[in-house]
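One structure is given below, encoded as structure tokens.
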Amino acid sequence: MSVSYPNQYRNYCIFDIKEQKTLPEIKTSLENPKSEEDVLESLYTLNLMLDKDGVNEKGVCEKVLSMYPILSKYNNTTSPNIQTFLAGIYRKTKIPDAFGPLCAMLIRNSINPPKNCGFDPNEEIGGAILDYLA
């Protein structure tokens, strides 16, 4: 697996994933990540699963809801890439406990904006907050 990070020409990550992880593998990877790339790959795969399965009462979404204690350990991250994927997952699942951390993330980023990331993670964070309020 490798991650090509955003740059001045592209505001998103590109993943070279040889084999997609399963939910138990994602859970293990997020509990004990080897690197930021490992976390990003897991969050990206989780995001794809939510897109594929659809956000419903059962299936992947239900399992993601039960993973909130693991996901929440990244709520205070300063990584704009992790923040963006996390906000996307929260936006799709609307995990009730994630609303406050999303607001805190947006406030922290407003006070200390992420530097040199090629994009603004606050767009996804703010969008997630608006979806919660809708």
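The values are calculated or read from the model by the stated rules, or taken from the named source; none is laboratory data. Treat the numbers as computed from the prediction; the structure is a model and nothing was measured. Cβ: placed from backbone, ideal geometry, glycine included. Neighbour counts: every protein chain shown. We work out accessible area using only protein heavy atoms, side chains counted, and drop any ligands, DNA or RNA first. Shrake-Rupley method; radii C 1.70, N 1.55, O 1.52, S 1.80 Å.
Think of the chain as having a plus end and a minus end, set by charges on the Cβ of Lys, Arg, Asp and Glu; of 44, 60, 125, 125 sits farthest toward the positive end of this dipole.
Rolling a 1.4 Å probe over the heavy atoms of the protein chains gives region 15-134 an accessible area of 53 Å² per residue. Placing +1 on the Cβ of every Lys and Arg and -1 on the Cβ of every Asp and Glu, with nothing else charged, gives the chain a dipole about its Cα centre of roughly 140 debye.
Considering only alpha-carbon pairs that sit under 8 angstrom and 6 or more positions apart, the relative contact order computed for the chain is 24 percent. Counting only the Cα atoms, region 13-105 fills a convex hull of 92 Å³ per residue. Overall, the accessible surface of region 1-124 at a probe of 1.4 angstrom is composed of carbon and sulfur to the extent of 52 percent.
Show me the helices of the chain, taken as full DSSP H stretches, that run 18 Å or more along their long axis by Cα and average -1.0 or above in Kyte-Doolittle hydropathy. Span-like helices in the chain: 36-53, 80-93, 99-111. Estimated at the nearest 10 Å², the accessible area of residue 44 is 70 Å² with a 1.4 Å probe.
Using the average count of surrounding beta-carbon atoms within 10 Å as a protection proxy, the listed peptides 30-36, 76-82 rank, highest first, as 76-82, 30-36. Among the lysines of region 58-133, pairs that are 8 or more positions apart or on different chains and have alpha carbons within less than 26 Å of each other number 9.
Of interest is the spacing of the C-alpha centroids, which for region 55-133 and region 24-48 amounts to 15 Å.
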